[in-house]
1. For the range 38-84, report the % of Cα-Cα distances exceeding 18 Å.
2. Could you sort out which of Lys28/Lys71; Lys24/Lys92; Lys40/Lys71; Lys71/Lys93; Lys24/Lys71; Lys24/Lys93 sit more than 20 Å apart by Cα distance in this structure?
3. Just to check I understand the Karplus step: with θ = phi - 60° and J = 6.51 cos²θ - 1.76 cosθ + 1.60, what whole-Hz values come out for the range 64-72, glycine and proline as x?
Amino acid sequence: MRTTAVVAVALALSSAPLVAQESKPVPKDSIRVFVPGCTKARIFTAGRRTQDEPGSVDIPEGTHMRMNGPKALMAEIKAREGSMIGITGLMKKGQYGPAGVNIGGGVRISPGPGPSGGIMVGNPSGNQILIDVEGWRPVVGSCPSR
């Protein structure tokens, strides 16, 4: 009889609705985003947004982002390399917009090279977009082959 009671309690607990896992709070200078696209190593390339997978911010197709995340999560994403996925993560506000001013018709005016004759000196990854990956899921579509 005691075993029956234990089994009944276990069944009742297992059939109870699961409490949703709370996500960690977003810092004031960041934004949580969902972006569909493809990966290669630790670089994520934003893909075309569809109506069923629109994404959560206006990141242009083809934008490259460097992914940071836990080793286990990055290994899962690496295993999906070559197939379309959507990643959820945190980005600093304003870092994903293209440089310059949009004047319409796909035309954007941005700063030119400095007075050093166009030679760029400094960190080549200094203006790279970063995303702290929190999770991923498969999405419909295919990645372009090279």
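1. On the way: 357 of 1081 pairs.
When every Cα pair of the range 38-84 is considered, 33 percent fall beyond 18 Å.
2. Details: Lys28/Lys71 26 Å; Lys24/Lys92 15 Å; Lys40/Lys71 16 Å; Lys71/Lys93 25 Å; Lys24/Lys71 18 Å; Lys24/Lys93 17 Å.
Going by Cα-Cα distance, Lys28/Lys71; Lys71/Lys93 fall outside the 20 Å limit.
3. 9, 10, 8, 8, 10, x, x, 4, 5
Each reported figure results from applying straightforward, stated rules to the coordinates on display, with no laboratory input. Remember, it's a predicted structure, so these values are computed and weren't measured experimentally.
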